[in-house]
Amino acid sequence: MSEAYNLTRLMTISDMAYKILKDREGSMHYKELFKEISEVKKIENPSSVQSCIYSEDKFIRMGDGYWGLTEWLLNGLSFVYSIKPLEYQRQTLNIDFDHELYFPYYIQHDEINIEFRNRKYRGIRKDKQTFALEEFYNKEQVYPKNKLIIKILDVNDFDYKIVDLKRKDEELELDGLNQRIADLAFEVLKEKRGIMSTTRILKHILIKILKTEGIEGEFNLGPLMSLSEILSSDERFNKRLSGMFALNI
């Protein structure tokens, strides 16, 4: 057993790597992981550790040396979720491309926990991107186009809290934050130069904030609006730039 990370021979290589990264709460070169794992299990070469990590769904590859977008990065973030008329009618929560980062598909929980005004609700997974929330819709006064401000309490356990609710005619004062996010998104697209989903862009925005500001418990951000909504209102993303694809939103 590795004393540093409590690894055992019964664990798979990817499980060991995930535990090390989680306990370390930071980035590591795969050769460092190889050194730790090889103390417990015989491995022929370091590249097998690298390939094992990159083939696992539970590792969201962040690039630039960051291999796990784990709970220490996502927990504490808050985001805006607008209830669509069809969702209201079906009493569901649907995870579209703007919200995939907040509800990671690799976490295969059958239930989601949502707290609202000291009341707790449990949603049942209907499919990969849909949770049924009948009790929540039946008991709470929510309507189509209401904006829910949702905070991630524990992404690994799918625990969330609705910290505020805005009616459809109430505006959110997020211009400063929206501009900051748009500026960071523009930097990401210039650096990566290619077609990127809003989920991937948002992931790299968080990396930038992490690198420049660090983390002290939680990101000091207001609720994040849908990235596609922010970018579609910025003229920079409607122009074709040299060596860079126009954003198709």
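What shape does the stretch 74-166 take by its C-alpha gyration tensor, where a ≥ b ≥ c are the square roots of the eigenvalues and a/c under 1.5 counts as rounded, a/b above b/c as prolate, and the rest as oblate? Here the stretch 74-166 falls in the rounded category. Straight-line reach from Lys168: taking Cα to Cα under 17 Å and skipping same-chain neighbours fewer than 8 places apart, the lysines in range are Lys84, Lys145, Lys147. Between Asp234 and Arg90, the simple label model (points 7 Å from Cα in the Cβ direction) yields a spacing of 3.1 nm.
Between Asn6 and Asp175, what FRET efficiency comes out of the Förster formula 1/(1 + (r/R0)^6) with R0 = 45 Å and r the beta carbon distance, rounded to 0.05?
Numbers: r = 47 Å, r/R0 = 1.05.
Plugging the Cβ-Cβ distance into 1/(1 + (r/R0)^6) gives 0.40.
Counting Lys and Arg as +1 and Asp and Glu as -1, what is the net charge of the other residues whose Cβ lies under 13 Å from the Cβ of Pro85? Spelling it out: positives minus negatives among the neighbours equals +3. Amide H contacts for Leu224 (H built 1.01 Å from N in the peptide plane; partners 5 or more residues away or on another chain; cut-off under 5 Å): Ser78, Phe79, Val80. Phi angles of the stretch 169-181 translate, via the Karplus equation with coefficients 6.51, -1.76, 1.60 and θ = phi - 60°, into HN-Hα couplings of 8, 8, 8, 9, 8, 10, 4, x, 5, 4, 5, 5, 5 Hz per residue; Gly and Pro are given as x. Summarising the amide proton neighbourhood of Lys145: residues at separation of 5 or more, or on other chains, whose placed amide H is nearer than 5 Å comprise Ile83, Lys84.
Distances between placed amide hydrogens fall under 5 Å for Thr92 paired with Leu133, all partners being 5 or more residues away or on another chain. If the chain linking Arg117 and Ile43 were pulled fully straight, counting 0.36 nm for each residue of separation and taking away their Cα-Cα distance, it would gain 21.5 nm.
None of the figures in this text is laboratory data; all of them are computed from the coordinates on show. None of these values were measured; they are calculated from a predicted model. So basically every Cβ, Gly included, is an ideal-geometry build from the backbone, and we count neighbours across all protein chains shown.
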